[in-house]
Amino acid sequence: MMAGVSPAAVVSRILAAIFGCYAFVWGVVALGVAVLNGAGVEYHAAEQAMMILAFVLYLVLFLWAFSAASLWRVWLVLALGSALMLAAAWQLQRMIIG
C-alpha cells in the first residue's frame, strides 16, 4: 500500500470503481436506449448497441476511478452523472410512452 493512503480511501475507491461505475454506465445505457428508441431505432437494436458501448465505458471508468487524483471528484462525477442521466432517461421514456 502507498504511504499516506488510508485503508478507508482504498475501500472507497474500490466501491466507487465497482458500484459507482456500474450506476454511471446504467445511466448511460438507459439514456442511450431512450434517445435511440425515440429517434426511431427499434428497441432491441438500441439496447444491443448501448450494451456493447457499456462494456468499453465501464472499463474506462473503472480504470479512471483508480487513476484520478481526487477521490471526491470520482464520487462526484459518478454519483451526479448517474443521477442526472437516470432522471433524464426516466423523463424521456415518459415522454415517449405518452
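None of the figures in this text is laboratory data; all of them are computed from the coordinates on show. Since the model is a prediction, treat every value here as computed from it, not as a measurement. Here Cβ is always computed from backbone atoms with ideal geometry, including for glycine, and neighbour counts include all displayed protein chains.
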**Study point:** Angle between the chain longest axis and helix 43-67 axis [Cα atoms, degrees, rounded to 10]
**Key:** 10
Revision key, fill the gap. Relative contact order of the chain (C-alpha contacts under 8 Å, at least 6 apart) in percent is 45
**Study point:** Which label in (i) 30, 14, 9; (ii) 32, 13, 8; (iii) 19, 17, 12 gives the computed semi-axes √(5λ) of the Cα gyration tensor in Å
**Key:** (ii)
Point to revise | Estimated distance in nm for a label pair at GLN93 and VAL10, the labels positioned 7 Å out from Cα along Cα-to-Cβ | key: 3.8
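Mean residue ellipticity at 222 nm from the helices of the chain, using -39,500 (n - 2.57) per DSSP H segment of n ≥ 4 over the full residue count, to the nearest 500 deg cm²/dmol?
Calculated mean residue ellipticity at 222 nm is -27500 deg cm²/dmol.
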Review point. Each label point is 7 Å from the Cα along the Cα-to-Cβ direction; what then is the distance between the points at VAL41 and LEU71, in nm?
Key: 3.7
